1. Using the Karplus curve 6.51 cos²θ - 1.76 cosθ + 1.60 with θ = phi - 60°, what ³J(HN,Hα) values do you get for each residue of the stretch 187-199, in whole Hz, with x for Gly and Pro?
2. Based on the alpha-carbon gyration tensor of the stretch 147-258 and its eigenvalue square roots a ≥ b ≥ c, which shape applies: rounded if a/c is under 1.5, prolate if not and a/b is larger than b/c, or oblate?
3. Compute the long axis of helix 141-165 from its Cα atoms, compare it with the longest principal axis of the Cα atoms of the chain, and write down the angle in degrees, 0 to 90, nearest 10.
4. Per residue, how much accessible area does the chain have with a 1.4 Å probe, in Å²?
5. Ignoring everything but the protein chains, give the 1.4 Å probe accessible area of Thr236 in square angstrom, nearest 10.
6. Is the shape of the stretch 58-112 best called rounded, prolate or oblate, per the rule: a/c under 1.5 gives rounded, else a/b larger than b/c gives prolate, else oblate, with a ≥ b ≥ c the square roots of the Cα gyration tensor eigenvalues?
7. When all protein chains stay in place, what accessible area (Å², nearest 10, 1.4 Å probe) is found for Lys255?
8. Using alpha carbons only, how many degrees (0 to 90, rounded to 10) separate the axis of helix 208-221 from the longest principal axis of the chain?
Amino acid sequence: MQIITGINWYGLYTLTMKEVNRFLKVHVQTIGAPVVTALLYYLVFAVALGDHPGMGGGSYVQFLAPGLIMMTIAQNAFANSSSSLIIAKIQGNIVDVLMPPLSAGELVAAYTLGGIARGILVGVASAVTMMVLVHLPIAHFGYVAFHTIAGAMFMALLGVIGGIWSDKFDQMAVVQNFIIMPLTFLSGTFFAIKQLPESWQMLCLVNPVFYMIDGFRYGFIGTADGSLTTGIVVMTIVNLALLALAYTMFRTGYKLRA
């Protein structure tokens, strides 16, 4: 279905829904399990550090909960797009995606939207579950919405790039263990970066995951650990750069065509 813009909307919709239906068919694994994991993180840290003050005068659990929600959004957005591509490459059915009349931009959009959808669904489920245990007022909904979408897009695009680059699961494990995990745990999810030595603070401040979690947390508790304007600029620039890289990889057929 081609319209004036030249976008194959029907093809884009079909591939996006294929990605969404892929994780919905195993929703216990793709949605239920991450919620349980986030809840376990919450319970462990709440028991260990629940009496500690949080940022901006609130409780530590109010500080912790938004970070855990954003972490589940990020991890699952990455997992959806990366696993879909690496499995298709290993099974040899990636050709079924490359042969239809879909442009590189449409392919990137479909895989990214699928990752965003999974990330947001898991995030909403995690938020609803945690709100039963901790009071989470939404101070600035716009920041919550922007950083949810920008953060999920960032990790979904990383998943697309990682899935194209990886030829086997061992290589994908390298991406997860040496890129995704360090970015996640040096993001201020579990602590305020102002508690760290200055050198470690600088390391966090060049981490885009810090800005997506900090802005997301600000949307709930109204207090930020860094510059909100810088965070929006960083997330926008990084997403555009990753979008351009993913587009180039699809357009050139990097590791996709024999």
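The values are calculated or read from the model by the stated rules, or taken from the named source; none is laboratory data. Every value quoted in this text rests on a predicted model; they were computed, and no experiment measured them. FYI the Cβ positions are ideal-geometry reconstructions off the backbone, even for glycines, and counts take in every protein chain you see. The area values use the complete protein model at the heavy-atom level, side chains included, leaving out ligands, DNA and RNA. Shrake-Rupley method; radii C 1.70, N 1.55, O 1.52, S 1.80 Å.
1. 3J(HN,Hα) across the stretch 187-199, in whole Hz: 10, x, 4, 9, 7, 7, 5, 5, 7, 8, x, 4, 5.
2. prolate
3. So the inclination is approximately 50 degrees.
4. On the way: 12100 Å² over 258 residues.
Using a 1.4 Å probe on heavy atoms only, each residue of the chain averages 47 Å².
5. Looks like 60 Å² after rounding.
6. oblate
7. For Lys255, solvent-accessible area is about 70 Å².
8. Long axis of 208-221 versus the principal axis of the chain: about 50 degrees.
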